[in-house]
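Structure, as structure tokens:
No lab work stands behind these numbers, since they all come straight from the coordinates. None of the values given here were measured: they were computed from a predicted structure. When we count neighbours, we look across all protein chains shown, and the Cβ atoms used for this are built from the backbone with ideal geometry, even at glycine.
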Amino acid sequence: MLAIVGFAEAKEWDCSVSREFQVAQPQVLSGVLKDQQGAVVNRLEMELLVGKRVFRKLRTSEDGAYDFGQIPSGRYRIRLRRSGGFCAPDVECGIQGCTPKTYVRIKSVPIA
């Protein structure tokens, strides 16, 4: 039972997957990732998820840019793989569509 509780607590602070966001109209989903000091985050593996299924995956360029291309309306999440300690970017959606935030934060481990 302790192992289950420990696993549940670990999942609470795992930020490698973004919150789900709703794309209302087909749109291009792209951007540039930077750390909190403004340095680009290059060669980071990113996946666009629909449910638990990988819809598209890519790696950020040398200048931190990424482009998932045109995506249909639907519910998505962004997952970082081998993230180097970074959290998935937050995504804001509004009338003009959804936009991932540029700055990614470093994962922090809760202190017991």
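Arranged from fewest to most other beta-carbon atoms within 10 Å of their beta carbon, Tyr103, Tyr76 become Tyr103, Tyr76. Backbone geometry of the stretch 70-80 corresponds, through the Karplus equation with coefficients 6.51, -1.76 and 1.60 at θ = phi - 60°, to 3J(HN,Hα) couplings of 6, 10, x, 4, x, 9, 9, 9, 10, 10, 9 Hz, x marking Gly and Pro. In terms of other Cβ atoms within 10 Å, Val54, Val104, Val41 run from fewest to most in the order Val54, Val41, Val104. Ranked by how many other Cβ atoms sit within 10 Å of their own Cβ, fewest first, the residues Leu44, Leu58 fall in the order Leu58, Leu44.
Taking amide hydrogens as placed 1.01 Å from N in the peptide plane, the amide H of Phe86 sits under 5 Å from those of Lys107, each at least 5 positions away in sequence or on another chain.
Considering only Gln70, Leu80, Ser30, and ranking their Cα positions along the charge dipole of the stretch 16-100 that arises from unit charges at the beta-carbon of Lys, Arg, Asp and Glu, the one farthest toward the positive end is Leu80.
Among the aspartates and glutamates, which fall within straight-line cross-link reach of Lys107, defined as a Cα-Cα distance under 14 Å, with same-chain neighbours fewer than 8 residues apart omitted? Partners within reach: Glu12, Asp14, Asp35, Asp90.
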